[in-house]
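J.: What follows is a structure written as structure tokens; I'll ask about it next.
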Amino acid sequence: IFRAKSTFEAMARDSLEGYLHSVSIMSNQIRSSLFSENLKRNLQGYQAVEVFRRHAMQAPVDHPLSLVQYLDMKTYLPGDILTKVDRASMAHALEVRVPILDHQLVDWISGLPPEFKLKGREGKYIFKKALEPTLPNNILYRPKMGFAVPLASWFRGPLREKVRDSILGDTMLDSGLFEQKYLKRLVDQHQSGTRDFSTPIWTLLMFESFLRKE
């Protein structure tokens, strides 16, 4: 519900820019400050929102909720959460299945009216109603629990030096992709407790690891 709320609030300003904002790791302001002038020139005005715009132009829907779900199926699911689950499970010889993403079921659900999917603040409405004879309400309607880990405190504590060595080290500097002063500012502000930049820092850590392996 929280993600749906933030997504719809953002889309009220501009549908595609709003969706991109709701799924982005970094704001436009951070990206603009973080990317080096050389990288910006090489991007030649490229905007990631164009990826969503192309999908939206092909979307066979006209309701905002249906558009969000369509964009999720085209981008967020295959490019993020399903990919992470697949890699983590296969690394441990596990075969994970997602039966609710059966293509015939997805096609049928896609044709349902939006109010069957989101009723007031209750998400997955028809799914929960269908399971009421089987599961107790304290399970069906309990608050959603995320899978977040305490990155913010780790990056200020046990991983403090790892963050500084990686993000402010030679690998990131030699790449020429980032403004070194802004990288330092990002790390300093987070580790001083002034701001919470844990998500951008995590992304930069993973990118630095990728660069070293290349």
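J.: Which label belongs to the value computed from this structure, given these candidates for Kirkwood radius over Cα pairs in Å: (i) 17.1; (ii) 20.3; (iii) 17.9?
T.: Only one listed value fits the structure, namely (ii).
J.: Here is a further query. Fully extended, how many nm does the chain gain between Met145 and Trp108 (0.36 nm per residue separation, minus their Cα-Cα distance)?
T.: Stretched out fully, the Met145 to Trp108 stretch lengthens by 10.6 nm.
J.: Quick one: if you stick a label point 7 Å off each Cα along the C-beta vector at Ser32 and Gln47, how many nm between them?
T.: According to this spin-label approximation, the distance is 1.2 nm.
J.: Calculate, in nm to one decimal, what Lys40 and Arg212 gain on full extension: separation in residues at 0.36 nm each, minus their alpha carbon distance.
T.: Extra length available between Lys40 and Arg212 comes to 59.7 nm.
J.: Give a residue-ordered list of calculated ³J(HN,Hα) values for region 59-73 (Karplus: 6.51 cos²θ - 1.76 cosθ + 1.60, θ = phi - 60°; whole Hz; x for Gly, Pro).
T.: 6, x, 9, 9, 9, x, 5, 5, 5, 4, 5, 5, 5, 4, 5
J.: Also: Taking only DSSP H segments of four or more residues, each worth -39500 (n - 2.57), what value at 222 nm results for the chain once the sum is divided by all its residues, to the nearest 500 deg cm²/dmol?
T.: My calculation for the chain gives -16500 deg cm²/dmol from helical runs alone.
J.: What is the distance in Å between the Cα centres of region 139-214 and region 57-109?
T.: 27
Read-outs throughout are calculated quantities, based only on the coordinates presented, and are distinct from any laboratory measurement. Not measured: the values here are computed from a predicted model. Virtual Cβ from ideal backbone geometry, glycine too; neighbours counted across all protein chains shown.
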